[in-house]
Amino acid sequence: MAEAHHNLHYVYLALGDLPASLEAYQRAVTLQPNLAILPPRYRIEAIQGIGGVGVVYKAWDTEQQQPVAVKVLQRSQAQTERLLAGFRREANTLRTLDHPGIVKLLDFGEYRGNYYIVMPFLAGETLKEALRNAKSDNQPVSLDRAYRLIGQVCAR
């Protein structure tokens, strides 16, 4: 039963049904804790999004007592050495960067075949959401709003 829920988690991810995917994952891990895709210190609370090679989860870091964002390389992608090397490069690059406009790397590793990068969780709207919310009545984003958004992106 736990394996079925675990498999459903991935099916729902592929379909883009994030709430159903999260529910299936949580049921699987409740029934069989060894199906967790992250070390026990990280408790998945939400699925933030799906990209071309990974899934971003909002999790709770039980050691640091803070919310974190965890990017997990999709297993099908992890089997491609080139993509795995790129994921490792991303983590190593993040580790060396120190700038107020760049999110810090908190952790990076592999757990039961799942490769992950942990960063602080930043609450707020994405640029995509800001652009969508800024548009009204199917009109383009105002020049003033565009300047403010670009200013935030380029700050510091």
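Below are the figures for this structure:
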quantity: Flag for A14 being out of contact with any strand residue (DSSP E or B) (no Cβ under 9 Å at 6 or more places or on another chain) and part of a helix (DSSP H, G or I); calculated: no
quantity: One residue from I117, I102 being modelled with pLDDT of 80 or more and part of a loop (DSSP other than H, G, I, E, B); calculated: I102
quantity: Per-region count, the range 50-89, residues over 19 Å from P39 (Cβ atoms) and either at pLDDT below 90 or small (G, A, S) (or both); calculated: 13
quantity: The range 26-63: number of residues that are among the hydrophobic types (A, V, I, L, M, F, W, C), closer than 18 Å to L15 by Cβ and assigned to a strand (DSSP E or B); calculated: 5
quantity: Any hit, the range 64-71, residues being among the basic types (K, R), more than 21 Å from A2 (Cβ to Cβ), assigned to a strand (DSSP E or B) and in contact with a Gly (Cβ under 6 Å, 6 or more places away or on another chain); calculated: yes
quantity: Residue that is farthest from G49 (Cα to Cα) [pool: residues in the range 123-153 that are of a type in the set (G, A, S) and surrounded by 11 or more Cβ atoms within 10 Å (Cβ to Cβ)]; calculated: S142
quantity: Near pairs, Cβ below 6 angstrom, 6+ apart or cross-chain, from the range 124-153 (assigned by TED's automatic domain parsing to the domain that holds G49) to any residue that is among the polar types (S, T, N, Q) and not in a loop (DSSP other than H, G, I, E, B); calculated: none
quantity: Count of the range 11-43 residues which are without any contact (Cβ under 8 Å) to a residue 24 or more places away in the chain, touching a Ser or Thr at 6+ places or on another chain (Cβ under 8 Å) and among the hydroxyl-bearing types (S, T, Y); calculated: 1
quantity: Given (1) more than 14 Å from Y115 (Cα to Cα); (2) in contact with an Asp or Glu (Cβ under 9 Å, 6 or more places away or on another chain); (3) among the hydroxyl-bearing types (S, T, Y), number of the condition Y10 does not satisfy; calculated: (2)
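The values are calculated or read from the model by the stated rules, or taken from the named source; none is laboratory data. In this text the structure is predicted, and so the values were computed from the model without any measurement. Glycine gets a Cβ as well: all are built from the backbone with ideal geometry, and neighbour counts include every protein chain shown.
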